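Reviewing the structure listed below.
The values are calculated or read from the model by the stated rules, or taken from the named source; none is laboratory data. As the structure is a prediction and not an experimental result, all values here were calculated from the model. Methodologically, a virtual Cβ is constructed for each residue, glycine included, from the backbone with ideal geometry; neighbour enumeration extends over all protein chains shown. Accessible surface is based on the protein model in full, side chains and every heavy atom, while ligands, DNA and RNA are left aside. Shrake-Rupley method; radii C 1.70, N 1.55, O 1.52, S 1.80 Å.
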Amino acid sequence: MLVAALTLAGCVSQPQRAPAPAALTGAALAAATARVEMREAQVRAVDRLGFSGRVALSNGREGGNGRIEWSQAGDGYRVVLSAPVTRQSWSLTGDAAGARIEGLDGGPREGHDVELLLLEATGLRIPVGAMVAWAAGTRADIGAVGPARLHFDAGGTLARIEQGGWTIDYQGWQPPDVADAATPRLPLRINAQHGDARVRLIVDQWTLDPAPAQGG
């Protein structure tokens, strides 16, 4: 079981309760929403998006933490999770057609529904289809996950996304000077929760590969 392997890496502390987002209105709300839309356009423009860092997973009864490496290109993704103490690891690869998980007892497992595959194999609810979008501070595909509500802090920085039954709180961001017309400012600390299911992510490094230039 994945959760058993990660538990060996250490206990999961209770996440801090996120402060209530500010109630922006009028021009302030419009400007904050426009910044999210700009970041979404910048993220869509890259050919490959990835991050590395630390993750803590919990299903309300069991949990653990480990290292995570995530790479995404379009619908295709590869996720590698490892426990630093035991050095056990598993990998998940997939796209819109299905997914394959390797490294668990009993051999590789495959399925069309990646979230169901992970739930049956590990006992953990992980929103794979939406996670990379939320990790980047953007809304996941509305057609697949449903509409999203955005909440901001008093300064207009994105503080929370509510979508698909999940609440995603943003508790740390890259410094503002990393952003420009082509490079978005991205989150560094994310807490996602759906009932008893929790995913906490600390990003050490983001990787954005620009899309290849189109010939004229």
For Cα extents along the principal axes in Å, which listed value, (i) 50, 32, 32; (ii) 55, 49, 31; (iii) 44, 34, 32, comes from the coordinates shown? (ii)
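Grab the beta carbon distance between Met38 and Asp141, set R0 = 25 Å, and tell me the FRET efficiency rounded to 0.05. Show your work: numbers first, answer last.
Values: r = 18 Å, r/R0 = 0.73.
The formula returns an efficiency of 0.85 here.
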Between Ser89 and Leu119, how many nm apart are label points set 7 Å from Cα along the C-beta direction? 2.9
In vacuum, with every alpha carbon of the stretch 91-210 counted as one equal point scatterer, what does the Debye formula give for log10 I(q)/I(0) at q = 0.13, 0.15, 0.20, 0.23 Å⁻¹? Two decimals, please. -0.59, -0.77, -1.20, -1.39
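Quick one: length gained pulling Glu110 to Ala154 fully straight, 0.36 nm per residue minus the C-alpha distance? If you can, show how the numbers build up before the last one.
On the way: separation 44, 0.36 × 44 = 15.84 nm, distance 4.48 nm.
Gain on stretching Glu110 to Ala154: 11.4 nm.
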So if I place +1 on the C-beta of Lys and Arg and -1 on the C-beta of Asp and Glu, and nothing else carries charge, what would the dipole magnitude of the chain be about its Cα centre? I want it in debye, nearest 20. 500
Taking every Cα atom in the stretch 60-118, find the radius of gyration and the maximum pairwise distance Dmax, and write them in Å. 12.2, 34
Cα axis of helix 26-45 to longest principal axis of the chain: angle in degrees, 0 to 90, nearest 10? 50
Send over a whole-number figure in Å² for the accessible area per residue of the stretch 79-216, probe 1.4 Å. 50
Show me, for the stretch 142-147, the HN-Hα J-couplings you get by feeding each phi into the Karplus relation (A = 6.51, B = -1.76, C = 1.60, θ = phi - 60°), rounded to Hz, glycine and proline as x. 5, x, 9, 10, x, x
In whole percent, what relative contact order does the chain give with Cα contacts below 8 Å and a gap of six or more residues? 25
Longest the chain segment clear of trypsin sites (Lys or Arg not before Pro) sitting in DSSP loops (not H, G, I, E or B) with at most 12 other Cβ atoms within 10 Å runs 88-216
Could you give the dipole magnitude of the stretch 54-172 about its Cα centre, charging the beta-carbon of Lys and Arg +1 and that of Asp and Glu -1, in debye to the nearest 20? 300
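Using alpha-carbon pairs under 8 Å, 6+ residues apart, how would you state the relative contact order of the stretch 77-171 in percent?
Working: 129 pairs, mean separation 11.7, N = 95.
So the answer I get is 12 percent.
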Potential lengthening between Asp196 and Ala30 on full extension [0.36 nm per residue; Cα-Cα distance subtracted]: 56.4 nm
Amide H neighbours of Thr207 under 5 Å, at least 5 residues apart or on other chains, H built in the peptide plane: list them. Gly50, Phe51
